[in-house]
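Taking it in order: structure first as structure tokens, then the write-up.
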Amino acid sequence: MSSGIMQRTNIPTSDLPDAVSPTSAVNLVLLAPFLLALAWFWANISAVKWLLSSFVEIPTLYKIVIGFLIVALVVRSIGNSDRPPGFLPNFVLRRDPLLLMLGAGICSIALQYIIDIKQVTVLLFILGTYGLCGLLVEQNFWQKNLPVAGLLACILPFNSQFNSGLGLPARVLTAQVVEQLLSMLHVGAISSYDIIVLENGIAHVDVPCSGIKTLLVGTLFLLAATWLEGRKLSLRWVAVAAANLLMLVSANTARVAVLVLVYEVFEQPKIAEIIHVPLGIVGLVCACFVTWLMLQRVPKFQPKKTSSISTKPNSEILENHPLAKPGIIAAVTVLAVMAQLSHVETSKMAIAPLRLPEYIKSESIPLNASEQKFFGNYPDTQTQKITFVAGNLRGSMLTVASASWQTYHAPELCFVASGIPVTRIEKKQLTPSVTARWLSLKDNQLSAVYWLQSAQLTTDNFLSRIGSDLTHKNHNWVLVSILFNSSLQAENHELKEFAGNVYDTVKQSLQGEMNEN
């Protein structure tokens, strides 16, 4: 009897190795989400660092809005659900979250290779991270709250640094579009330079009214309305978003055109100053109202009856996708490697010190507080500020050497911020090599000039400078900004000689840096 009992209890042991035991299989499944998240954050490490460092600079109002959104998301999710959103220690391959994550990662790396705008990179990182969350949470919860991810993606990176990154090109583009519109009305005497001066003269702020803030507020309104009304993100919603963008840009362009007509054509500067802010508000409100009307045509989100969180055991999930999940992890890892390679700089900005001719007597002076704060955000930038005496010419000169177009701040804005109003801006050919922007300041009591210079090119147009980053030509640039202590004419022979000497000095400095490399 004892032997019979022994036979019944002597169950054969499994021939499966420990590596594929059920416990080990579950461990592999638990490890997969960790590896995917690790690869994703490695791919976006620069965006994470920028976001953390800039968060302290976000205005208190932004922090309050972000906190409100997080609290509202939690409250609304719990209040509208029979059960809390499901989270599982595995990830389920779903089409929409996967496309959002991989699409954001690819676009981010592509933009970093073409033109690196940190705010856009952070926006893509936040959206891609929400896509990653969509592989880990219940599908209805993820789809319903996708607009909240858009809200956070628009709010978090766009603090005070946003205008320095995109405000300048948007401002110049707006001015040039208005110039073309006015030329169609046969108002040919007004140039894009005058429009820029007009903007500063009315706004009385050192950040130009480029329409960037209007665009941001209008976009936030669309996303908030979509979330609160429970609208479905579909192709119809994308069409509404595109129309919203077009209306916001058109409203800002029309505002600038009206201001120019009132100020220049009808010669009513007081009226232009009075209607400056109301025009912006009216344009924004009208665009948002029309957007809301169009949003009513977008169907509401309908939760699916079946949950997309699989009820299968973890080991079975992994068994049903033997290559898909490791392949996704490998793909994100490849993106991470490509992202790190895109940040490898071939050369640091290091130009030789400027050596002006002996007849130019100069003395170094420190940057003012606003200049120190602005250039402090770009540690690789080299600045040099001097006072000079050259014959009958006296004044100060600031040179800014950098490999990034985002470092540059239009000098006319610095003058306005310093309490020196800009009367007029013109394009002048000071020498055969120097095409510069000539400024008349303080009711023609002072004069100033600036240009952008690389080893091969000189221009007064910031868009040309930005274009060099797109083509990866003329990598290192120097902004030369000169303020004279008196009113001068651009045709002054002594001034032309001085500008030519400064140009040659900067060119030698840039060429010296190239030879060292």
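The numbers here are math on the coordinates, done by the rules we state, and not lab data. Here the structure is a predicted model, which is why all the values come from computation and not from measurement. Quick reminder, even Gly has a Cβ in these numbers, built from the backbone with ideal geometry, and neighbours come from all protein chains shown.
Annotations
- Radius 10 Å from Cβ of residue 435, net charge of other residues (Lys, Arg +1; Asp, Glu -1): +2
- Cα centroid separation, the stretch 218-232 to the stretch 395-445: 42 Å.
- Per-peptide average of other Cβ atoms within 10 Å, ordering 366-374, 403-411 highest first: 403-411, 366-374
- Packing rank of 123-135, 494-506, where each peptide gets the mean count of other beta carbons within 10 Å, highest leading: 123-135, 494-506
- Count Lys and Arg as plus one, Asp and Glu as minus one, and take only other residues whose Cβ is under 15 Å from that of residue 293; the net charge is then +2.
- Each other residue within a Cβ distance under 12 Å of residue 284 adds +1 if Lys or Arg and -1 if Asp or Glu, for a net charge of +2.
- Computed packing ranks the peptides 45-54, 447-456, 105-114 as 447-456, 105-114, 45-54, most packed first, by mean other Cβ atoms within 10 Å.
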